[in-house]
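Written out below as structure tokens is the structure these notes cover.
The numbers here are math on the coordinates, done by the rules we state, and not lab data. Being a predicted model, the structure only gives us computed values, none of them experimental. Every residue, glycine as well, gets a Cβ built from its backbone with ideal geometry; the counts of neighbours run over all protein chains shown.
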Amino acid sequence: MIYQSIADIYAANDSVRREFTARVENLSEAQQTFRPAEGAWSIAEIVDHLSITEQNMVQLIGILLKKSEGAAEAGINPGDGGGAAAAAAAAAGGDARTGAPAPAFQPFSLDNFLEQVRDVKLTAPERVRPGGNVTLADALTNLRRTRAAIDAMRPRLETSDLSAATYPHPAFGEFNSVQWLAFIGHHESRHLRQIENLMAAPEFGKSEGAG
């Protein structure tokens, strides 16, 4: 998919979220905690992982956005001093506004990046792995909370120069704010496929309340 605007990214992410929520919200407790193999994540744990990851994305996008706004206000290149994003990655983004008009949106796609790992099993960093103690209902609540925070950033994303302030993805290299925003939907879609594969296991159909 080629994103032509911030609106395209939000629409794509929201479409994935609707499909994802509809797929998991009515599962029985046994289905939520079913594991297809020893050491594999349950559906509840996958959703918890997504909520932890999205919270990190809220913080990171906020930091990059604040950096872009501050650089525009000071008239400097927001790509300079890249260590600032790393040092502040755990903090919430600010709300500084420059009032300057944003440059034209540069269309982009993540398809080439994602094709590289489509059939590759990736290992989640320790900081975003599920703890095994969060229910599916609580994880979905957390996802609604983080999505509301992302929605609240939209006016700032639509009026800022987001091209130069970046932070590296461990597999794909430097991403700017809007690329990270688009990555949220792709990451969720990948885990939706994981859940659908899990639900296709014969043992899942024998879980309490299935069908």
Residue-ordered couplings for segment 167-177, obtained by feeding phi - 60° into the Karplus form 6.51 cos²θ - 1.76 cosθ + 1.60 and rounding to whole Hz (Gly and Pro as x), are 8, x, 7, x, 9, 10, x, 5, 10, 8, 4
Provide the gained length on full extension for the span Glu203 to Asp8, in nm with one decimal, where the gain is 0.36 nm per separating residue minus the Cα-Cα distance. 66.3 nm
Mind checking the full-extension length gain between Val128 and Ser28? Use 0.36 nm per residue of separation minus the Cα-Cα distance, one decimal, nm. 33.5 nm
Taking the Cα centre of segment 109-195 as the origin, how large is its charge dipole in debye, to the nearest 20, when only Lys and Arg (+1) and Asp and Glu (-1) carry charge on their Cβ atoms? 340 debye
Counting Lys and Arg as +1 and Asp and Glu as -1, what is the net charge of the other residues whose Cβ lies under 14 Å from the Cβ of Gly39? +1
In terms of Cα to Cα distance under 17 Å, which aspartates and glutamates are near enough to Lys121, apart from those fewer than 8 places away along the same chain? Glu38, Glu45, Glu188, Glu196
Using 7 Å Cα-to-Cβ label points, what is the Asn112/Met1 separation (nm, one decimal)? 2.0 nm
